[in-house]
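What follows is a single structure, written as structure tokens, with notes after it.
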Amino acid sequence: MAVYQTTDLTAASFSVALFGLAATTFLLLMGSAWVERKWRLPVALCAIAALIGIGSVYEAREAWFAGNGVPVVYHYVGWTVSMPLQVIALYYLARTAGNLTAGLFWRLVVVSVLMVFVRYLGEAQFMHPTLAFLIGLVFWLYLLGEFYFGRMDDVVRNATGDHLRRGYFWLRLIVTIGWAIYPLGNFLTAFAGMIDDGSLSVAYNISDILNRMAFGVAVLSTAVLASEENTRA
Amino acid sequence: MAVYQTTDLTAASFSVALFGLAATTFLLLMGSAWVERKWRLPVALCAIAALIGIGSVYEAREAWFAGNGVPVVYHYVGWTVSMPLQVIALYYLARTAGNLTAGLFWRLVVVSVLMVFVRYLGEAQFMHPTLAFLIGLVFWLYLLGEFYFGRMDDVVRNATGDHLRRGYFWLRLIVTIGWAIYPLGNFLTAFAGMIDDGSLSVAYNISDILNRMAFGVAVLSTAVLASEENTRA
Amino acid sequence: MAVYQTTDLTAASFSVALFGLAATTFLLLMGSAWVERKWRLPVALCAIAALIGIGSVYEAREAWFAGNGVPVVYHYVGWTVSMPLQVIALYYLARTAGNLTAGLFWRLVVVSVLMVFVRYLGEAQFMHPTLAFLIGLVFWLYLLGEFYFGRMDDVVRNATGDHLRRGYFWLRLIVTIGWAIYPLGNFLTAFAGMIDDGSLSVAYNISDILNRMAFGVAVLSTAVLASEENTRA
Amino acid sequence: MAVYQTTDLTAASFSVALFGLAATTFLLLMGSAWVERKWRLPVALCAIAALIGIGSVYEAREAWFAGNGVPVVYHYVGWTVSMPLQVIALYYLARTAGNLTAGLFWRLVVVSVLMVFVRYLGEAQFMHPTLAFLIGLVFWLYLLGEFYFGRMDDVVRNATGDHLRRGYFWLRLIVTIGWAIYPLGNFLTAFAGMIDDGSLSVAYNISDILNRMAFGVAVLSTAVLASEENTRA
Amino acid sequence: MAVYQTTDLTAASFSVALFGLAATTFLLLMGSAWVERKWRLPVALCAIAALIGIGSVYEAREAWFAGNGVPVVYHYVGWTVSMPLQVIALYYLARTAGNLTAGLFWRLVVVSVLMVFVRYLGEAQFMHPTLAFLIGLVFWLYLLGEFYFGRMDDVVRNATGDHLRRGYFWLRLIVTIGWAIYPLGNFLTAFAGMIDDGSLSVAYNISDILNRMAFGVAVLSTAVLASEENTRA
């Protein structure tokens, strides 16, 4: 294992992301046993998204240790699995409050997988970068549209639980603000020809920490609070 | 660990398969605790099939990183264990609806093991490739025959649960369509003398993702829905 | 990790044994939670025997990759732990039907450990090979004597459960037929001066797969069936 | 893996820390199932802090084996995750006795993360060392202030359980005395220009063993005793 | 991974110790769920002692593969964690029968840690070997004194359970006879200037197998038998 120095901020951010995601994974895995039956699935999905994060951050760090920057594909490989998992977690979170169609489920899965895949095609020059960037952007906006104006928002708005509404609000915010880094990074590497000299990885790591950890912890705390609310009522 | 570049689609597909199978394994392992007693075995078998998939995809990826393509044996080693597991999972899924003979169980196990083994013998030139290909094809068709016209189909058709019927329908479809790639790949490498330059591995990875992940998730969701149905009734 | 080719049957058999034992371990670990209290110990012991099998097969495979055959000690190291575990599993399986003395337990443990250890001493030329072979054979025959004509057979014969009797019959058969390969292999390497060029490892792998996997699965299915029988009665 | 000699006290202290933290992690993970519902979260958080400790000590030891001392960043990476976890554990421990505001929670999280981060910035010369040292000191004093004179102290003082009060007393002491080594080490490396020749790592390892292990075990024993107290009452 | 030959008895004994400790760890981890609440802690502590044994034996084996004998520090690192764990397990085992003071607990912990640490200081020449040997001996005799004539013996002698008395008798015997190898080995390496050419490691491995495995299994079987006794009564 290569030894990194104190001034290598990129390696430090990778290591912090690695340990932070490991901590999140364990907390969510244990937490999934503390909540009501119907809350287990969203918590478990976030735990798995964090677990996948451990693997992808570990491999990206190895690439960084090997020198010459981290090929951007390392980030996309992790997102291909973790982003759909988080979108599904949000779907099942909303579903604790009311019925949602299976059609919506499939639309969310397909769109979130394609969003990451199209961006990757653009980065790897398998597709025209501008086109890929725009399609990826449209897919992201579609997801935001579902979260803000779609059936999920309706169901949550009419839910009896106060905690669910607040949790949904914060999770949606993470998806809106936190995920905005990804099209931005996509834009920089695909158009501006930026090669990752470490600073992009630092930015991605901070986002991944926030998006995967904060997202998972928010889902868990919503689930715990809502479970307690029900038990008391 | 070798560093792969953004344009190396084969390595990316291996990594996505790896993370996707890890996510599936964890979801199914956790999910096996959420379903009724009699559903646990099929879910557990799918979890184990996905787990074996992690191991075999990991080793195939290492072979790819070492250069010069992935020897086809890497795929066969994984299938030898995972395909019989999936066939048995389907058997136990049907068995939740009614009694099935132990004889059928042993026929399914032996035929599915031999199907993979014979194909391997053909690929390794230990047996005449044409003969191996044809025997492998016959074994696969036998399995399909059991699923479509055998006792399992009878039992499922007469089941009370709506979810079981639908689940069985989809799982059978995966085995029919998804598994068709394997004799095709067998044909290409054994006869057309094709050496895997990455494109065959990409095809196999996509199939494995669909077959192992979709199969497992379909079994889990059938089990969860059928468990809830029973609880409500 | 060394890359093995499609025609390397020995490496393929090691890999299949590895994945098969991993699958068995997980199935038995999960299965130990599905059976009645008194059945947990024999199932757990078989799970641990399979787990140890993973470790020893993995190390033997690494030795094979390093070239020049697998030193026979790699097999003996695994057997030293797994064979006593299986003998104890059989003891506790019989004990679910009636009381067995602690003296029998200690005799079985000591004899099964010595059986493997003496064979090893012969192979490593620390003891005269012929003598070691004969002593090992006597120990094996002693174990068979206990299983066929000893107190364990009595207890099982008088058991009320039909499944236990059938399970015991099959397990005894595995120990009789499946374990016969080991003195045979011992004979070949110790006397005929055979050096393992791969074919002996293939034979050992097939035996280990059958002995550890079939043994474990037979114990689990006996336990599950007997547990259900009791619940219904 | 490099072999270390008997006289290499630093390597020995790393190995003892590694094994001790592994033992602590397992004990706390198992222990979190032995306590009352409301005590699970603080125990789980300490288990995760110990788990992260395994990772960071392992990597620091690898760096030591590679020669030329352990870059101080290796310690900071672990603390960034484990120190906030321990502060949160203390928060939830106090919270079992009465209500605490969410504002306090966020203040504690942010201050404990910043405390470690600012010290790191100083060590890496990204910020003026003196300034970083002083800010880190202020943050630590703020945390001590909250523990000694804040709302948490009030809540614990008015708790009915005797064990909670005693547990809180000891945990606060660990944070006061045990954590004092960190600003001290910070001072030595940042100002005195000390390069870690092993003796600083030994000091850090002893502190980490005490802080992570003693802290975790103290939380677990408080939780177990308080749970029993409640059951009896 | 280095390949060891059939005649390398030291490597074989390391491997058997490795697999045996892995088997013990799993058995005890699973077994801790089969016993009464109050028995869980001693069983868990023995499981953790065996787990630590896996790690330390693995590292010692790696050192052996690297050639030139195993530095004696590798054994001491494992004992520093596992011996106090076993002493505490014995304390909690006795405590199931009656109350024991916290003072006794701390004396046992401190003395058992110091016993191993002082011996290490002697081996590494950080302290005069004769002095270290004598102090280590005194600490061991103190522990034996507590076990034979102290409060723990009183409590166990007055216990109602027959199994507890018998279990305590055997465990004390293991600590008396099995642990006698350690001062002996200490004497040989520190005074007789013996360098470990493998035979000392074989002796240590056999002792470790007996001490960690037999100790753990004896605690588990005592716990299981005592739990059943209580359930029946």
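Using alpha-carbon positions, what is the distance between the centroids of segment D:204-219 and segment A:11-61, in Å?
Centre-to-centre (Cα) distance: 24 Å.
Over segment B:1-67, what is the mean sequence separation of C-alpha contacts under 8 Å (at least six apart), divided by residue count, expressed as relative contact order in percent?
Relative contact order of segment B:1-67: 42 percent.
About the Cα centre, and with charges only on the beta carbon of Lys, Arg (+1) and Asp, Glu (-1), how big is the dipole of segment A:1-149? Nearest 20 debye, please.
It works out to roughly 480 debye.
Measuring label to label, 7 Å along Cα→Cβ, what does D:ASN99 give against each other copy in nm, shortest first?
3.8, 3.8, 6.1, 6.2
Roll a 1.4 Å probe over the protein heavy atoms and report the accessible area of E:LEU90 in Å², nearest 10.
Approximately 0 Å² of E:LEU90 is accessible to the 1.4 Å probe.
For chain B, set up a Gaussian network in which alpha carbons nearer than 10 Å are linked by springs, and say which option among B:ALA44, B:ALA11, B:ALA66 fluctuates the most.
In the Gaussian network model the winner is B:ALA66.
Among the residues of chain E, which one places its Cβ closest to the rotation axis that maps chain E onto chain B, and what is that distance in whole Å?
E:ALA33, 8
Heavy atoms only, 1.4 Å probe, whole protein assembly: order A:ASP162, D:ASP153 by accessible area, highest first.
From most accessible down to least: A:ASP162, D:ASP153.
Could you point to the residue in A:THR189, B:ILE209, A:LEU27 farthest towards the positive end of the protein assembly as shown's charge dipole, with +1 and -1 charges on the Cβ of Lys/Arg and Asp/Glu respectively?
A:LEU27
Relative to the other copies, what are the label-point distances for B:TRP170, with labels 7 Å from Cα along the C-beta vector, expressed in nm at one decimal and sorted shortest first?
Relative to the other copies, B:TRP170 has label-point distances of 3.2, 3.2, 5.2, 5.2 nm.
How much accessible area per residue does the protein assembly as shown have, in Å², with a 1.4 Å probe?
That works out to 38 Å² per residue.
Compute, for the protein assembly as shown, the length of the dipole vector about the Cα centre, with Cβ point charges of +1 (Lys, Arg) and -1 (Asp, Glu) only. Units Debye, rounded to 20.
For the protein assembly as shown, the charge dipole is close to 3540 debye.
How large is the helix-only mean residue ellipticity at 222 nm for the protein assembly as shown, computed as the sum of -39500 (n - 2.57) over DSSP H runs with n ≥ 4, divided by its residue count, in deg cm²/dmol to the nearest 500?
The per-residue figure over the protein assembly as shown is -25500 deg cm²/dmol.
Need the list of lysines near E:LYS38 for cross-linking: C-alpha distance under 27 angstrom, and skip anything on the same chain fewer than eight residues off.
In chain and number order, the partners are C:LYS38, D:LYS38.
Rank A:THR222, A:THR96, A:THR160 by mean-square fluctuation in a GNM of chain A with C-alpha springs under 10 angstrom and give only the top-ranked residue.
A:THR160
How well do other chains shield peptide B:16-22, expressed as the mean number of their Cβ atoms within 10 Å of each residue Cβ?
6
Would you calculate the separation in nanometres between label points at C:THR160 and B:SER221, each defined as 7 Å from the Cα along the Cα-to-beta-carbon direction?
Distance between the two pseudo-spin positions: 4.6 nm.
Rank these by accessible area, largest first, 1.4 Å probe: C:ASP8, E:ASP154.
In descending accessible area the options line up as E:ASP154, C:ASP8.
What total accessible surface area, summed over both chains, is buried at the interface between chains D and E, computed with a 1.4 Å probe and given in Å² to the nearest 100?
Approximately 2200 Å², summed over both chains.
In segment D:59-102, which residues become less accessible by 10 Å² or more once every protein chain is in place, relative to the chain on its own, using a 1.4 Å probe?
The answer is D:GLU59, D:ARG61, D:GLU62, D:ALA63, D:ALA66, D:PRO71, D:VAL72, D:VAL73, D:TYR74, D:VAL77, D:THR80, D:VAL81.
Considering the dipole of chain B built from charges on the beta carbon (Lys and Arg +1, Asp and Glu -1) around the Cα centre, which of B:ILE135, B:ALA2, B:LEU85 is farthest to its positive end?
Farthest towards the positive end: B:LEU85.
Once whole DSSP H runs in chain D are found, which of them have Cα atoms spread over 20 Å or more along the helix axis and a mean Kyte-Doolittle score of at least 0.0?
D:9-31, D:40-65, D:73-95, D:102-123, D:129-149, D:162-177, D:215-232
Put the label 7 Å from Cα along Cα→Cβ for E:HIS128; what are its distances to the other copies, in nanometres, shortest first?
Between copies, matching label points for E:HIS128 lie 5.4, 5.4, 8.8, 8.8 nm apart.
Expressed as a fraction of 2.2 N^0.38 Å, the rule-of-thumb size for a compact globular protein of N residues, what is the C-alpha radius of gyration of the protein assembly as shown?
Computed over Cα atoms of the protein assembly as shown, the ratio equals 0.94.
Using only the alpha carbon atoms of segment B:33-181, find the Kirkwood hydrodynamic radius as the inverse mean reciprocal pair distance, in angstroms to one decimal.
It is 16.5 Å.
Gaussian network model of chain D, Cα springs within a sub-10 Å range: biggest mean-square fluctuation belongs to which of D:LEU21, D:LEU114, D:LEU45?
The residue with the greatest mean-square fluctuation here is D:LEU114.
May I ask you to give the percent of accessible area on the protein assembly as shown that is carbon plus sulfur, with a probe radius of 1.4 Å?
Solvent-exposed carbon and sulfur of the protein assembly as shown make up 67 percent of the total.
What percent do you get for the relative contact order of chain A when only Cα pairs under 8 Å and 6+ apart count?
28 percent.
Going 7 Å from the Cα of B:ASP153 along its beta-carbon direction, which residues of segment B:59-98 have the amide nitrogen within less than 17 Å of the resulting point?
B:90-91, B:94-95
Set the Förster radius R0 to 30 Å, insert the Cβ-Cβ distance between B:ALA66 and D:LEU114 as r into 1/(1 + (r/R0)^6), and round the FRET efficiency to 0.05.
Taking R0 as 30 Å, the efficiency between B:ALA66 and D:LEU114 is 0.10.
What is the magnitude of the charge dipole of segment D:118-233 about its Cα centre, with +1 placed on the Cβ of each Lys and Arg, -1 on the Cβ of each Asp and Glu, and no other charges, expressed in debye to the nearest 20?
For segment D:118-233, the charge dipole is close to 260 debye.
Using alpha carbon centroids, what distance separates segment C:99-128 and segment E:64-111, in Å?
If you average the Cα positions of each part, the centres end up 30 Å apart.
The values are calculated or read from the model by the stated rules, or taken from the named source; none is laboratory data. Since the model is a prediction, treat every value here as computed from it, not as a measurement. No Cβ is skipped: glycine too gets one built from the backbone with ideal geometry, and neighbour counts run over all protein chains shown. For the accessible areas, the whole protein counts, side chains as well, though only heavy atoms, and no ligand, DNA or RNA atoms are used. Shrake-Rupley method; radii C 1.70, N 1.55, O 1.52, S 1.80 Å.
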